[in-house]
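Below: the structure, in structure tokens.
The values are calculated or read from the model by the stated rules, or taken from the named source; none is laboratory data. Source: prediction; values computed, not measured. Positions of Cβ are generated from backbone atoms using ideal geometry, with glycine treated the same way; all protein chains shown enter the neighbour counts.
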Amino acid sequence: MQHEVLNKGAFAMLRLSLGQGERVKAESGAMVSMSPTLELKGTTDGGVLKGIGRMLSGESFFFQEVNAARGGGELMLAPKSLGDIHAVELDGRSTLLVQKDGFLAATEGIEVSTRMQNLSKGIFSGEGFFVVEISGRGTVFLSSFGAIEEVKLGPGEEIVIDNGHLVAWPSTMAYNIEKSSKGWISSIKSGEMLVCRFRGEGTVLIQSRNPGAFGSWLRRYIPTSSS
């Protein structure tokens, strides 16, 4: 299935060219336009329990499924937030962990489920107790808040990432939650507080904007009613 990311950056949109009989699933509400030869339906993709699991990880209960049942056609998809789109190829052996709201679409052969994190990571990682787990063979398309950048680590290499800028990482990569500075007071003053320390080998995807920080900035300009 051919794909192209249009308007890369803040206003990215995904164009997919489906051949006869090909299918793609996408997050609920992602379809922008499609050829009349394509058919669209809603699906839980795995049943009620998997749908509930996806809701716990911040994704939608339902998927959109687009099927080129009546011939090839073109499909346009867009994420809900302002940001980029990034394609990741999975070979059937690796599993990808993704932030909430990070899944946009996937080709056939890709399974989207959830994974529960341990107590400390669930509370302090910024991702909650459940994260999206993507496995199988095919292409998955991820969306972000802002631009997406790949950070590639060799064996034993480390990097410290603000948890609000995480998009996705391989399940095989180890990471720990720690203070951003040596002391708690310094960590609070820095504005970073807690960070994630990743150790390679692997590739971590990060986003150029922090949704939580943007929300805090935006609230300063929203008028509040006076009693």
Please go through segment 157-176 and give me each residue that is within 19 Å of the chain's Cα centre (by Cα), over 15 Å from Arg115 (Cα atoms) and not in a strand (DSSP E or B), ordered by number.
Asn163, Gly164, His165
Matching residues, segment 153-178, being of a type in the set (Val, Ile, Thr) and surrounded by fewer than 21 Cβ atoms within 10 Å (Cβ to Cβ):
Ile159, Val160, Ile161, Thr172, Ile177
With the condition kept exactly as written, say whether any residue in segment 164-173 is over 23 Å from Gly215 (Cα atoms), modelled with pLDDT under 95 and small (Gly, Ala, Ser).
yes
Any residue at all in segment 115-126 that is more than 23 Å from Gly212 (Cβ to Cβ) and either at pLDDT 70 or above or surrounded by 14 or more Cβ atoms within 10 Å (Cβ to Cβ) (or both)?
no
Based on what the data block shows, is Ile185 β-branched (Val, Ile, Thr), assigned to a strand (DSSP E or B) and either modelled with pLDDT under 90 or out of contact with any Leu (no Cβ under 9 Å at 6 or more places or on another chain) (or both)?
no
Does Glu201 fit the bill of being within 14 Å of the chain's Cα centre (by Cα), at pLDDT 90 or above and under 27 Å from Ala105 (Cα atoms)?
no
